1. Taking the Cβ of Arg76 as the center, what net charge do the other residues with Cβ under 15 Å away carry, scoring Lys and Arg +1 and Asp and Glu -1?
2. Given charges of +1 on the Cβ of Lys and Arg and -1 on the Cβ of Asp and Glu, with all other atoms neutral, how large is the dipole of segment 122-173 about its Cα centre, in debye to the nearest 20?
3. What's the extension gain from Asp106 to Arg93 if we count 0.36 nm per residue and subtract their Cα-Cα distance?
4. Could you check the spin-label model distance between Glu169 and Asp74? Points 7 Å from the Cα along Cα→Cβ, value in nm.
5. List, in order, the whole-Hz ³J(HN,Hα) value for each residue of segment 145-150 obtained from phi through the Karplus relation with A = 6.51, B = -1.76, C = 1.60 and θ = phi - 60°; use x for Gly and Pro.
6. Work out how much length Glu43 to Ala190 would gain on full extension: take 0.36 nm times their residue separation and subtract the Cα-Cα distance, in nm to one decimal.
7. In segment 77-138, what percent of the accessible surface is made up of carbon and sulfur (1.4 Å probe, ligands and nucleic acids excluded)?
Amino acid sequence: MSGSGEDKTEAARLRRRWLTLGELLGIAAVLISALTFWNSYRERTNTERERQSSESKSERAATILVLRATTDRDGRVLSLTPRAQNQTVQSQRLRFPAALGLQAIDTTGDARIERSWFSHPLVKLRRNAGAAERTAGDAQLPVAITTQYLVDGEAHVDRALYTIGYSTEHGFLAGTTVRLKGLSRNATIASDAAAARQLDTAWRAQVQPTISSGLKK
């Protein structure tokens, strides 16, 4: 009888021990499952964050307008196209430095810069300043361009300060001729109201020193 009671006590003790081990294994399984879930969740979150960041960068890059200029053989016209393939120019307004005394030029669809818009007053200013009739290398003229354009069908507006590269030639009968060379983007313009100020600043910084350096001896 005594042995039987001891056997029962030992069996009960073993059952309690195995029950405890079972509980520990169950807790371990729950912990492993929780950790697996957390790692999976964190990976998904990081992947989503990286995807959103990449898309955001792509969207910002897509909405930055940089114009490519192509000149014709005679340097009369700069044809303007966006460098990004998913951008389409709808219309533009071009403003020139106040010293030229010109009104803003508006274009629709056919984005371009024509030398006839500003060549006469520019040549006159150069002549009055005593600049050489022929430029050595490319001279510079700032222009503010406001562009209405589409990115994958969505409307955007870009305001930027550009520099027109040009050269001048002189003929006995033809007089001084301006030849357009290219276009480079310099800075973003915050508003239309700021365009005049930035143009005048660029004119003083870029054009006047260039004209002065080309004064006739």
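The values are calculated or read from the model by the stated rules, or taken from the named source; none is laboratory data. None of these values were measured; they are calculated from a predicted model. Backbone-built Cβ (ideal geometry, glycine too); neighbour counts: all protein chains shown. Side chains included, ligands, DNA and RNA excluded: accessible areas come from the protein's heavy atoms. Shrake-Rupley method; radii C 1.70, N 1.55, O 1.52, S 1.80 Å.
1. Numbers: positive: Arg73, Arg112, Arg115, Arg179, Lys181; negative: Asp72, Asp74, Asp110, Glu114, Glu169.
Computed value for this residue: 0.
2. Numbers: 5 positive and 6 negative charges, 93 e Å.
Dipole size: approximately 440 debye.
3. Values: separation 13, 0.36 × 13 = 4.68 nm, distance 0.45 nm.
Going from the current span to full extension adds 4.2 nm.
4. 1.1 nm
5. 10, 9, 10, 8, 8, 10
6. On the way: separation 147, 0.36 × 147 = 52.92 nm, distance 4.00 nm.
Gain on stretching Glu43 to Ala190: 48.9 nm.
7. On the way: 1500 of 3350 Å².
Of all accessible area on segment 77-138, carbon and sulfur atoms account for 45 percent.
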